[in-house]
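This report refers to the structure that appears directly beneath it.
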Amino acid sequence: QVQLVESGGGLVQPGGSLVLSCVGSGIISSVYSMGWYRQAPGEQRELVARITTGGSTNYADSVKGRFTISRDNAKSTVYLQMNSLKPEDTAVYLCNTDPPRQNFWGQGTQVTVSS
């Protein structure tokens, strides 16, 4: 059974930083491109960062230069370093393969950027 577990969210002031982690059990994450997604209340879920099996990365324009995605295949873990956070980054952050597989969605981790 596949399970992706996100952690690392929290409340942070504008301009602050967080590091999110996504641990995958039951899958060999090294064979999948992985992505970090986010969903704010009333908004569509969006892909904010992706990393291929070879380590190539892509970012949404809204986070480019502020967020960094990385992976440790030995630990089946994908990370999202988030710097210079803005209130508009507030959302539930989830990881999944890219493209996403419906039965892989986890609970996500809440990120709230507020003073």
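The values are calculated or read from the model by the stated rules, or taken from the named source; none is laboratory data. Model, not experiment: these values are computed from the prediction. Virtual Cβ from ideal backbone geometry, glycine too; neighbours counted across all protein chains shown. SASA here: full protein model, heavy atoms, side chains in, ligands and nucleic acids out. Shrake-Rupley method; radii C 1.70, N 1.55, O 1.52, S 1.80 Å.
Only one of the listed residues (THR97, THR112, THR57, THR68) is in contact with a strand residue (DSSP E or B) (Cβ under 7 Å, 6 or more places away or on another chain) and within 18 Å of GLN3 (Cβ to Cβ). That residue is THR97. Restricting to region 57-70, give me the number of residues that are β-branched (Val, Ile, Thr) and either in contact with a Cys (Cβ under 8 Å, 6 or more places away or on another chain) or part of a loop (DSSP other than H, G, I, E, B) (or both). Residues flagged as β-branched (Val, Ile, Thr) and either in contact with a Cys (Cβ under 8 Å, 6 or more places away or on another chain) or part of a loop (DSSP other than H, G, I, E, B) (or both) within region 57-70 amount to 1. For residues in region 62-90 being of a type in the set (Lys, Arg) and out of contact with any Gly (no Cβ under 9 Å at 6 or more places or on another chain), which is surrounded by the most Cβ atoms within 10 Å (Cβ to Cβ)? The qualifying residue surrounded by the most Cβ atoms within 10 Å (Cβ to Cβ) is ARG66.
Scanning region 91-102 for residues that are part of a loop (DSSP other than H, G, I, E, B) and either within 13 Å of the chain's Cα centre (by Cα) or crowded, with 18+ Cβ neighbours inside 10 Å (or both) yields ASP98, PRO100. The set of residues in region 10-56 being among the β-branched types (Val, Ile, Thr), open to solvent by 60 Å² or more (accessible area, probe 1.4 Å) and outside any loop (DSSP other than H, G, I, E, B) consists of VAL19, VAL23, VAL31.
Among the residues of region 56-89, just one is under 15 Å from the mean Cα position of the chain (by Cα), among the small types (Gly, Ala, Ser) and modelled with pLDDT under 95, namely SER76.
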